[in-house]
Amino acid sequence: MGFWDILRKIGAATTQALAVLLLLNVVVGTYSAYQQSREIYRQEKDRSDDERRKATQKIAARCNVILDVEETLRGCLARELEAYEKQANTNKDLQAQQDMAFWAQAVFWLTGLGTLISGFGLYFVWQSLRQTRQAILTDREVGHAQVRAYLSIDTQTPVVRPDTLPKHEFNIRNTGQSPAYQVAYIAGFDVLPNPMTPGMGHIGGIAPDQDMPRLSIAAGESTIGQAFGIRELTHDDFDKLIDGSASLYMFARVFYDDVFHRRHETSFCGRLNFEPVSGYVGPDPRPWLVTMTVDQNRTYSN
């Protein structure tokens, strides 16, 4: 199991645990608030009953005296009840303000906790979606790699002779599972100093405005390519090739599009090695043993 798979599992488990904790917190908080409201109601009722009993005794005590001539018992009771109601309303307003402040603070902290938990949940969901997207892209790339076209260059050692233009045929083969489109190539021979100039890149290339034939190669099929030198090889050229002061290279570069409209390149580069054959007698006019070493720095496929 990969690191990202483990991270996704941890994120999912953490999100589920946070959801369960949030649910439990809501249930416990709701039940606690319910019990607290019942207790507050009981306490408030007991307090109101007690205050009402005390107020009755106080009013009876105040009105159970010798009244003024202008005041009757009814007037005394009305005055004392009005004063009691004003005091009770004032106490209730104060209690309501205190309760409102308490619940406002509770809602604030619960909202903050919910926001924090939601933030963690969104972060892990984002991470999960990000990794899912990466997995989809990876699967898509794997799918493309499995069905796309792959062109390879198959060649033998070229035959070269003095006073002759070098030329050679090679195969361009599609080893992939789908056709290759807009196939174009450039190939040839080139005599270069030995050792090669430092920093020299690919041998041969296509100019941006160069018009080249385009063809398609079906899966499993191949076509013939041809490489030509730009001039005939002289005896002086062969002397330099044999003594090692120069090297003859054959190169081929193939450009093509796959079914997903992506551009690819396959390149081949080989260095021809010349060794004199002493005492050779036969119909083959070559007095040299020619082998070819693949230049790994300039042979690749993408």
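The values are calculated or read from the model by the stated rules, or taken from the named source; none is laboratory data. Just so we're clear, the structure is a prediction, and the values are computed from it rather than from any experiment. Backbone-built Cβ (ideal geometry, glycine too); neighbour counts: all protein chains shown.
Among the numbered conditions (1) more than 12 Å from the chain's Cα centre (by Cα); (2) among the small types (Gly, Ala, Ser); (3) more than 30 Å from Asn171 (Cβ to Cβ), tell me where Gly143 comes up short.
That leaves (3) as the condition not met.
Would you check which residues across the range 224-241 are out of contact with any Pro (no Cβ under 8 Å at 6 or more places or on another chain), surrounded by 16 or more Cβ atoms within 10 Å (Cβ to Cβ) and within 19 Å of Gln156 (Cα to Cα) and list them?
Gly225
Filtering the range 288-302 down to residues that are surrounded by 13 or more Cβ atoms within 10 Å (Cβ to Cβ) and within 19 Å of His235 (Cα to Cα), which residue is modelled with the highest pLDDT?
Val290
Of all residues being of a type in the set (Val, Ile, Thr) and more than 28 Å from Asn302 (Cα to Cα) in the range 261-284, which is modelled with the lowest pLDDT? Just the residue, please.
The extreme case among them is Val281.
How many of the residues in the range 138-149 are loosely packed, with under 13 Cβ neighbours inside 10 Å and within 26 Å of Asp295 (Cα to Cα)?
Within the range 138-149, residues that are loosely packed, with under 13 Cβ neighbours inside 10 Å and within 26 Å of Asp295 (Cα to Cα) number 1.
Could you figure out which of (1) closer than 17 Å to Thr293 by Cβ; (2) modelled with pLDDT of 90 or more isn't true of Asn194?
Of (1) closer than 17 Å to Thr293 by Cβ; (2) modelled with pLDDT of 90 or more, only one is false for Asn194: (2).
Quick test for you: out of Ser152, Ser118, Ser128, pick the one residue that is within 30 Å of Leu21 (Cα to Cα) and surrounded by 15 or more Cβ atoms within 10 Å (Cβ to Cβ).
Ser128
One residue is enough: does the range 186-202 have a residue meeting the conditions within 35 Å of the chain's Cα centre (by Cα) and loosely packed, with under 13 Cβ neighbours inside 10 Å?
Yes, the range 186-202 has at least one match.
Mind listing whichever residues of the range 155-169 are modelled with pLDDT of 90 or more and exposed (fewer than 13 other Cβ atoms within 10 Å of the Cβ)?
Selection gives Gln156, Glu169.
Looking at (1) part of a loop (DSSP other than H, G, I, E, B); (2) within 30 Å of Pro179 (Cα to Cα), which is the only condition Ser216 fails?
Of everything listed in (1) part of a loop (DSSP other than H, G, I, E, B); (2) within 30 Å of Pro179 (Cα to Cα), Ser216 misses just condition (1).
Looking at Phe251 and the list (1) assigned to a loop (DSSP other than H, G, I, E, B); (2) within 23 Å of Gly201 (Cβ to Cβ); (3) among the hydrophobic types (A, V, I, L, M, F, W, C); (4) at pLDDT 90 or above, which single condition is not satisfied?
(1)
Is it the case, given these coordinates, that Arg173 is under 26 Å from Glu265 (Cα atoms) and surrounded by 11 or more Cβ atoms within 10 Å (Cβ to Cβ)?
Yes, satisfied.
Within the range 242-268, track down each residue that is touching a residue at least 40 places away in the same chain (Cβ under 8 Å), surrounded by fewer than 16 Cβ atoms within 10 Å (Cβ to Cβ) and basic (Lys, Arg).
Arg262
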